[in-house]
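Trainee: Just passing along the structure, written as structure tokens.
The values are calculated or read from the model by the stated rules, or taken from the named source; none is laboratory data. Bear in mind the structure is a predicted one, so any value in this text is a computation, not a measurement. Cβ atoms come from the backbone with ideal geometry, glycine included; neighbour counts cover every protein chain shown. Remember, those area values only see protein heavy atoms, side chains included, never the ligands or the DNA or RNA. Shrake-Rupley method; radii C 1.70, N 1.55, O 1.52, S 1.80 Å.
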Amino acid sequence: MKMSLRHDSDKWIVIVRKRPFLDAWARSRQERQLSTGDESAWRDDYKFHHAEKGFSHGRDNPVQLAWCDAHYEIDRGLPVLHTVFTDGITRTIWLLANGAEIFPVSVSSEKCARLLLRGAGDRKTQPVSVAYLKSLLM
């Protein structure tokens with residue numbers, strides 16, 4: 001998967017865990033049949049074949065990271081994570097249908113990255129900014 005380092009320097013990359021991410025996505029009620037679905041539902045999605053083709057190129061032409069947003073809402077007195085996609089649902093369900101237990105997503109700010117890490121992130125990792133990655137190339 002890839003992330004452009006020339007643009008979107010305010011974006012961050014977070015490695016998320018499958019189950020907490022799906023739970024947060026389901027709470028947003030976006031594409032509920034997919035966020036609460038299983039491999040069969042994901043593979044039956046009308047756009048799944050596009051991701052299949054996109055991922056088939058491998059390292060020669062990697063697909064973009066999905067772009068999402070995360071925020072907390074109070075539910076029965078407790079904060080719960082909600083996640084919505086701006087772009088990349090089909091790429092994400094392709095990863096899930098093919099066994100990914102952790103995977104990268106991009107978000108628009110450090111605050112969002114920290115919120116997503118707290119509720120669904122892989123605790124062995126830390127969010128990284130695109131600006132930081134870009135600085136490594138200079």
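Trainee: Is it fair to say SER129 is over 21 Å from GLN30 (Cβ atoms) and open to solvent by 40 Å² or more (accessible area, probe 1.4 Å)? Working first, answer last.
Mentor: Details: over 21 Å from GLN30 (Cβ atoms): yes; open to solvent by 40 Å² or more (accessible area, probe 1.4 Å): no.
So SER129 fails the test.
Trainee: Is the stretch 16-23 home to any residue that is open to solvent by less than 20 Å² (accessible area, probe 1.4 Å), within 23 Å of VAL128 (Cα to Cα) and either polar (S, T, N, Q) or touching a Leu at 6+ places or on another chain (Cβ under 7 Å) (or both)? So that I can check it myself, show each step before the final result.
Mentor: Going through the stretch 16-23, the residues open to solvent by less than 20 Å² (accessible area, probe 1.4 Å) turn out to be 16, 21-22.
Checking which are within 23 Å of VAL128 (Cα to Cα) leaves us with 16, 21-22.
Imposing the further condition that a residue be either polar (S, T, N, Q) or touching a Leu at 6+ places or on another chain (Cβ under 7 Å) (or both) reduces the set to 16.
Yes, that holds for at least one residue.
Trainee: Could you grab me the full set of residues in the stretch 50-84 that are assigned to a loop (DSSP other than H, G, I, E, B), under 22 Å from ARG19 (Cβ atoms) and over 9 Å from the mean Cα position of the chain (by Cα)? Full working, then the answer.
Mentor: Here is the first cut: in the stretch 50-84, the ones assigned to a loop (DSSP other than H, G, I, E, B) are 57, 61-63, 65, 76-77.
Now restrict to residues that are under 22 Å from ARG19 (Cβ atoms): 65, 76.
Within the stretch 50-84, just ARG76 meets the criteria.
Trainee: Taking SER135, is it farther than 23 Å from ARG29 by Cβ, modelled with pLDDT under 95 and either under 17 Å from the mean Cα position of the chain (by Cα) or open to solvent by 20 Å² or more (accessible area, probe 1.4 Å) (or both)?
Mentor: Values: farther than 23 Å from ARG29 by Cβ: yes; modelled with pLDDT under 95: yes; either under 17 Å from the mean Cα position of the chain (by Cα) or open to solvent by 20 Å² or more (accessible area, probe 1.4 Å) (or both): yes.
Taking the combined requirement at face value, the residue satisfies it.
Trainee: Among the residues of the stretch 24-47, count how many are of a type in the set (Phe, Trp, Tyr), open to solvent by less than 60 Å² (accessible area, probe 1.4 Å) and over 16 Å from LEU95 (Cβ atoms).
Mentor: First, the residues of the stretch 24-47 that are of a type in the set (Phe, Trp, Tyr): 25, 42, 46.
In the following step, the residues that additionally are open to solvent by less than 60 Å² (accessible area, probe 1.4 Å) were identified as 25, 42.
Add one more test, that the residue is over 16 Å from LEU95 (Cβ atoms), and what stays is none.
Count: 0.
Trainee: Going through the stretch 68-99 one residue at a time, which ones are in contact with a strand residue (DSSP E or B) (Cβ under 7 Å, 6 or more places away or on another chain), surrounded by 17 or more Cβ atoms within 10 Å (Cβ to Cβ) and among the aromatic types (Phe, Trp, Tyr)?
Mentor: Listed by number, the list holds a single entry, PHE85.
Trainee: Considering only the stretch 85-114, how many residues are more than 10 Å from the chain's Cα centre (by Cα), of a type in the set (Asp, Glu) and outside any helix (DSSP H, G or I)?
Mentor: Qualifying residue count, the stretch 85-114: 1.
Trainee: I would also like to ask the following. Under 8 Å between Cβ atoms, at least 6 apart or on separate chains: pull out the pairs that start in the stretch 73-102 with a residue that is free of Cβ contacts under 8 Å to residues at least 24 places away in the same chain and end on any residue that is exposed (fewer than 12 other Cβ atoms within 10 Å of the Cβ).
Mentor: Taking only residues 6 or more apart or on different chains, the pairs are PRO79/GLU73.
Trainee: Has the stretch 54-65 got any residue that is closer than 22 Å to LYS134 by Cα, in contact (Cβ under 8 Å) with a residue 40 or more places away in the chain and open to solvent by less than 30 Å² (accessible area, probe 1.4 Å)?
Mentor: Restricting attention to the stretch 54-65, the residues satisfying the condition of being closer than 22 Å to LYS134 by Cα are 59-65.
With in contact (Cβ under 8 Å) with a residue 40 or more places away in the chain added as a condition, the list becomes 62-65.
If we keep only those that are open to solvent by less than 30 Å² (accessible area, probe 1.4 Å) as well, we get 63, 65.
Checked the stretch 54-65: at least one residue is closer than 22 Å to LYS134 by Cα, in contact (Cβ under 8 Å) with a residue 40 or more places away in the chain and open to solvent by less than 30 Å² (accessible area, probe 1.4 Å).
Trainee: Restricting attention to the stretch 8-41, which residues are over 25 Å from ASP75 (Cβ atoms), under 15 Å from the mean Cα position of the chain (by Cα) and not β-branched (Val, Ile, Thr)?
Mentor: Correct list: LYS11, TRP12.
Trainee: Can I ask one more? Quick check: anything in the stretch 20-34 hydroxyl-bearing (Ser, Thr, Tyr) and either under 15 Å from LEU96 (Cα atoms) or not in a helix (DSSP H, G or I) (or both)? Give the steps one after another, and end with the answer.
Mentor: Filtering the stretch 20-34 for residues hydroxyl-bearing (Ser, Thr, Tyr) gives 28.
Still in the running and either under 15 Å from LEU96 (Cα atoms) or not in a helix (DSSP H, G or I) (or both): none.
Within the stretch 20-34, not a single residue is hydroxyl-bearing (Ser, Thr, Tyr) and either under 15 Å from LEU96 (Cα atoms) or not in a helix (DSSP H, G or I) (or both).
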